[in-house]
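Okay, so here's the structure we're looking at.
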Amino acid sequence: MANPLYDTLFGRHAESDAVFLHLADGVTLSYRTFLEMAAQYAGLLTEVGLKPGDRVAVQIEKSPQALAVYAACAQAGLVFLPLNTAYTPDEVAYFVSNSGAGIVLCDDRKRDGLAPIAERCGAQLETLNEDGSGSFAEKAATCPKSFQTVSRDTDDLAAFLYTSGTTGRSKGAMLSQGNLLSNAETLRHEWRFTASDVLLHALPIFHTHGLFVATNITLLAGSQMIFLPKFDLDQMIAAMPRATTMMGVPTFYTRLLGDARFTKELAAHMRLFVSGSAPLLAETHVQFEQRTGHRILERYGMTETNMNTSNPYDGERRAGTVGFPLPGVELKITDSKTGETLPKGEIGDIEVRGPNVFQGYWQMPEKTAEELRADGFFITGDLGQIDADGYVSIVGRNKDLIISGGYNIYPKEIELLLDEQPGVLESAVIGVPHPDFGESVVGVLVAMPDQELNLDHIKENIGKSLARFKQPQKLVVLPELPRNTMGKVQKKSLREDFADTFV
Ligand code: MLC
Ligand code: AMP
């Protein structure tokens with residue numbers, strides 16, 4: 001019996017009493033204890049009738065328990081489907097229904113909101129709280145602390161991560177065991193992770209960065225994580241002297257630099273700082289080196305592909321670039337219209353191919369075919385160029401996307417909601433520079449003739465169904481939207497007009 005993902009990341013630590021997680025309150029959790037909990041969860045998930053390949057939707061706060069559900073899914077051959085804890089019940093309803101999840105795990109606070117959804121979708125519902133309590137934990141406690149690992153293949157699905165679309169509908173990116181493992185192995189090697197590393201982990205664990213990049217590498221190396229519930233400056237500063245590495249979105253770095261306690265001495269014990277998920281300003285890179293002597297290693301990835309490129313561990317980490325394609329990953333710059341590969345130095349679509357590239361979007365063959373070519377190249381929607389030395393830079397996006405504090409926000413989803421509001425004729429949602437989040441959301445509205453818009457009412461209305469981080473931080477009303485001769489809304493012009501909104 002073999003299960004590559006479980007055996008490689010988890011199973012081989014089953015007898016290890018080494019520390020896996022350092023929790024905020026000074027408590028540690030060994031690999032063995034963590035895996036016993038996971039085995040109990042795997043036992044319960046199987047006992048309640050889930051079969052290999054079934055989806056497990058999880059909306060629980062960051063905790064060892066949440067991570068143990070990931071391990072349990074791997075061991076029982078189930079598909080792990082983590083969801084942003086900020087999603088509203090309306091948003092979760094789509095994911096549960098679209099994925100056909102067999103069970104929804106949430107914390108007790110969310111139970112009332114999600115119970116009717118689970119019932120409607122024919123999914124079971126259990127609770128698991130960050131303190132380890134909840135109906136799921138109680139039932140799992142009666143299960144054996146070992147579980148017969150279900151046999152799986154590298155082609156079998158391990159996780160679904162939903163990513164929003166330019167049409168406003170989220171798509172379930174199907175990731176196989178092989179996708180996750182190949183990338184973790186490459187990154188562990190490229191970034192030199194060993195059992196003596198201690199990763200300062202403050203990212204959420206429902207996205208690629210905190211879940212796969214950070215956690216899978218740690219598991220592969222048999223190293224430790226200081227597992228903070230979220231980014232908190234005081235906790236980061238207190239924990240940093242005990243860490244050797246950190247991974248973060250650019251907001252982590254600008255916030256650290258904004259605090260005088262973050263000094264060269266504080267970072268002296270660190271060997272590596274990794275940034276990704278959003279563009280790191282070259283200025284932040286420079287300031288960081290001046291303050292700490294460390295050059296941040298910037299890499300580039302996405303939900304559908306895990307990591308594609310990385311600046312070198314040894315060698316020049318070049319500010320404003322995302323480095324070189326990772327070993328095993330092919331990257332080319334193509335002409336958006338013809339798909340032809342462009343010569344070095346020219347700007348075009350970034351396309352990638354390799355064992356990291358996902359299996360397609362769940363039950364959306366047309367969407368998959370639009371973005372994943374028959375020859376295996378995935379059209380990322382990012383615009384980039386490769387310089388004479390081979391460094392890749394991301395220079396823009398060929399997709400209407402806002403990245404705020406590392407979270408992706410698709411304007412279309414918000415525009416569809418705004419357009420439904422009383423008195424709204426049409427809307428355009430744009431991202432503009434923000435000092436903390438990199439980009440932030442502005443909603444531009446046009447009223448129907450002779451209608452006065454009640455912006456407070458609109459804000460309240462959309463807040464009922466849209467996660468807080470997606471909601472426009474500012475709504476403005478214009479007499480009309482700028483359009484080109486073809487009638488297409490000119491978002492570039494709006495972005496210029498509102499560029500100073502938050503700076
Ligand atoms: C929180 N808020 C945000 C926000 N995060 N608003 C916009 N953008 C964000 N990213 C809002 C909350 O709703 C709340 O609103 C207020 O800000 C404070 O909430 P908080 O929970 O205290 O926020 P904070 O801790 O400050 O969080 C900011 C953050 C966090 C940057 C630390 O968002 C974060 O950890 N981001 C990382 C996202 C990430 O992991 N991305 C990787 C995706 S994977 P109010 O109004 O209620 O006060 C990927 C692939 C790859 O992209 O390459 O890695
Ligand atoms: P997601 O769909 O959440 O996985 O986000 C992936 C997107 O984040 C990519 O397509 C890029 O647009 C962006 N991204 C990730 N890493 C970087 C980076 N280092 N620099 C610029 N953009 C990035």
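The values are calculated or read from the model by the stated rules, or taken from the named source; none is laboratory data. These figures come from a predicted structure and were not determined experimentally. Virtual Cβ from ideal backbone geometry, glycine too; neighbours counted across all protein chains shown.
A few remarks follow.
- Residue match in region 399-419 (condition: more than 25 Å from Tyr94 (Cβ to Cβ), modelled with pLDDT of 95 or more and assigned to a loop (DSSP other than H, G, I, E, B)): no
- Residues located in region 441-453, provided they are within 30 Å of the chain's Cα centre (by Cα) and away from ligand 2 (no atom under 16 Å from the Cβ): Val442, Gly443, Val444, Leu445
- Residue among Ser133, Ser151 that is small (Gly, Ala, Ser) and more than 27 Å from Leu23 (Cβ to Cβ): Ser151
- Looking across region 282-313, the residues that are in contact with a helix residue (DSSP H, G or I) (Cβ under 7 Å, 6 or more places away or on another chain) and outside any strand (DSSP E or B) come down to Thr284, Gln287, Phe288, Arg291, His294, Arg295, Ile296, Thr303, Tyr313.
- Every residue from region 183-234 that is of a type outside the set (Val, Ile, Thr) and under 15 Å from Ser310 (Cα atoms): Asn183, Ala184, Glu185, Leu187, Arg188, His189, Glu190, Trp191, Arg192, Phe193, His209, Ala214
- Failed criterion for Ala428 (all others in (1) more than 16 Å from ligand 1 (Cβ to nearest atom); (2) part of a loop (DSSP other than H, G, I, E, B); (3) crowded, with 19+ Cβ neighbours inside 10 Å; (4) of a type outside the set (Val, Ile, Thr) hold): (2)
- Qualifying residues in region 314-342 (those that are on the phi > 0 side of the Ramachandran plot and within 14 Å of ligand 2 (Cβ to nearest atom)) - the one surrounded by the most Cβ atoms within 10 Å (Cβ to Cβ): Gly323
- Selection of region 30-61 for residues being surrounded by 19 or more Cβ atoms within 10 Å (Cβ to Cβ) and either among the aliphatic types (A, V, I, L, M) or at pLDDT below 95 (or both) yields Leu35, Met37, Ala38, Ala39, Ala42, Leu44, Leu45, Leu50, Val56, Ala57, Val58, Ile60.
- Looking across Glu298, Glu304, one residue alone is of a type outside the set (Phe, Trp, Tyr) and without any contact (Cβ under 8 Å) to a residue 40 or more places away in the chain. It is Glu298.
- Check on Ile386, within 30 Å of Glu316 (Cβ to Cβ) and crowded, with 16+ Cβ neighbours inside 10 Å: yes
- Cross-chain or 6+ apart pairs with Cβ under 7 Å, region 239-264 first and surrounded by fewer than 16 Cβ atoms within 10 Å (Cβ to Cβ), then assigned to a loop (DSSP other than H, G, I, E, B) and small (Gly, Ala, Ser): Lys264/Gly293
- Count of residues meeting criterion [in contact with a helix residue (DSSP H, G or I) (Cβ under 8 Å, 6 or more places away or on another chain) and within 11 Å of ligand 1 (Cβ to nearest atom)] in region 231-251: 6
- Residue among Gly423, Gly384 that is of a type in the set (Gly, Ala, Ser) and not assigned by TED's automatic domain parsing to the domain that holds Leu256: Gly423
- Taking the criterion of being on the phi > 0 side of the Ramachandran plot and away from ligand 1 (no atom under 16 Å from the Cβ), the only residue of region 265-311 that qualifies is Gly293.
- Test: residue in region 116-124 that is outside any helix (DSSP H, G or I) and surrounded by 20 or more Cβ atoms within 10 Å (Cβ to Cβ): yes
- Test for Asp156: is it surrounded by 15 or more Cβ atoms within 10 Å (Cβ to Cβ) and farther than 26 Å from Pro229 by Cα: yes
- Residues satisfying the stated conditions in region 408-425, i.e. in contact with a Pro (Cβ under 9 Å, 6 or more places away or on another chain) and within 15 Å of ligand 1 (Cβ to nearest atom): Ile414
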